[in-house]
1. How much length would be gained if the chain were fully extended between Glu5 and Glu48, taking 0.36 nm per residue of separation minus their Cα-Cα distance, in nm to one decimal?
2. Multiply the residue separation of Leu12 and Arg101 by 0.36 nm, subtract the distance between their alpha-carbon atoms, and state the gained length in nm to one decimal.
3. When you count, for each residue, the other Cβ atoms within 10 Å and take the mean per peptide, how do 58-68, 76-86 rank with the highest first?
Amino acid sequence: MEIVEPFRWVFLGLAVLNAVMLVVVVRRLRPGAPQRPGRHGAPVRRAELRLDVADQGAGLVFCLGVALAGGPVAVTGGVLVAVVLAAKALREVRGSLALRRYAAAGQGPEAGWRRPRQGRGGAPVTPGWGR
């Protein structure tokens, strides 16, 4: 399968972006790295970070395979991307079902329970503009 030259450059650029993001995600996976909050204000779990690393790595393989006209490499990267996205979707569905169970039991954010707001460095935010 022959790919038009401009599309190869586009996929090569996407591969470079995937490589940069892979470095960023691997740095976030280090034990001492500062964690930013994820969904619902909860800290990001290491399993989510590992899935992000796998997602960026699979995307890099796919983009390089398409950019360098490596048919089997591109197909392998596409399959890896599909598997990682399916794992992320399964994790998301399981999390939303657990959140619904907590809400039905009278717990969780839907029942009026809220996590305390946090400012820089994890310090609780007090109302009143810092007084």
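1. Values: separation 43, 0.36 × 43 = 15.48 nm, distance 3.58 nm.
Gain in length upon complete extension: 11.9 nm.
2. On the way: separation 89, 0.36 × 89 = 32.04 nm, distance 4.46 nm.
That pair, Leu12 and Arg101, stretches by 27.6 nm at full extension.
3. Values: 58-68: 21.2, 76-86: 15.5.
Put in order of decreasing packing, that is 58-68, 76-86.
All of the numbers you see were taken from the coordinates with simple rules; none came from a lab. All values reported here derive from a predicted model rather than from experimental measurement. Every residue, glycine as well, gets a Cβ built from its backbone with ideal geometry; the counts of neighbours run over all protein chains shown.
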